[in-house]
């Protein structure tokens, strides 16, 4: 069946299920790497492959349901009176049948695999649109895990598209704001700095931490937009300070942002506008931190990108050191001033091997004259070990959680419900009102 007929079949079956209180399962599936099929055989050949797979699927489903084309290389299977167990069994049957079939294309043959997403009414959605989104999320997860597999919406720990939609709305409504976590001197216990961390404030009063949405932001390439809002918000905060408080301010910059020259130029202009009335930063110490695994492979390009920030007096921190490649080349080739030890290592300080690794990182940093900062410090025992081996600074819940400016959070929530003609309408806010 084509898309129009399949849509009508789905709507009719869904309404019947809702009216009579019956279950309904849908299986959304797509041919893996279908672009390669298109590239190899052309449009007509690829269409022939898709048609053959549709026939294989309909033969496997038989009278238990309907199969039809849905969107591009995606097909949809509707199982009347279906539940999760039935849908899983059917999807696995389809997966095996598709994997084993040899598809003739003109004078050649090929074989393909497919990925499957399952959603069931009413558990995964009591509206048709919600059910389709749930199936799409499950299919997306199946592809993300390596393709040629079945995933049900019920299996998902987080709903990727739901979080992505929430994040995109928050960005549009300017409800992504900075929270500030204190950084302390491990030797004296004095607060010596703060880090600006992304948070979403919801209209109903919730605060959503970055851990809940950062992976989705990366997947949908929204990280640079988050960075832009946090950096602008942080610099506005620093510009409004009437006197220097002696704190070192850390601001994250992702690899995604580094790949957007126009945004980087905007940030440079912002620094000059807000923090350099006399062309200098004065006594304010601002640190741009970049995760090591996100640094550009081309070291010369990386130096060129960071040059304007260094020239204006900002410093560089290498974040999450020890989490991935841990390339010491960055320390040799870039003007790094701070080395942030990955929080994953700090959480495992009870393990002798991890303690040895952290001690080794500290020794190297000491030889290079870098200030070390341990993330995710949560206990006195961790703090004591880090202090004894010479780590300079620490941050984590043991010293304090990231706090919002409540006045700004309230303002952002109120702005989010200001709509005109279906479009977000931002009310200009004088900078002096955001403290």
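Listing for the model above:
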read-out: Stretchable slack from residue 239 to residue 310, in nm (0.36 nm times residue separation minus alpha-carbon distance); value: 23.7 nm
read-out: Region 164-424, relative contact order in percent, only Cα pairs under 8 angstrom and at least six apart counted; value: 22
read-out: Förster radius 25 Å - calculated FRET efficiency between residue 3 and residue 108, Cβ distance, rounded to 0.05; value: 0.35
read-out: Relative contact order [Cα under 8 Å, 6+ residues apart], region 3-157, whole percent; value: 27
read-out: Length-normalised contact order of the chain in % [C-alpha pairs under 8 Å, at least 6 apart]; value: 12
read-out: Virtual spin-label span in nm between residue 202 and residue 350, 7 Å along Cα→Cβ; value: 3.3
read-out: For region 20-92 and region 211-275, distance of Cα centres in Å; value: 44
read-out: Where labels lie 7 Å past Cα in the beta-carbon direction, separation of residue 265 and residue 126 in nm; value: 5.2
read-out: Among beta bridges that DSSP assigns inside region 164-424, antiparallel share in %, nearest 5; value: 45
read-out: Distance in nm between pseudo-label sites at residue 185 and residue 55 (7 Å out along the Cβ direction from Cα); value: 7.9
read-out: Among beta bridges that DSSP assigns inside the chain, antiparallel share in %, nearest 5; value: 60
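Read-outs throughout are calculated quantities, based only on the coordinates presented, and are distinct from any laboratory measurement. Keep in mind that this is a model prediction, so the values were computed, not measured. Counting neighbours? That spans all protein chains shown, and the Cβs are built from the backbone with ideal geometry, glycine included.
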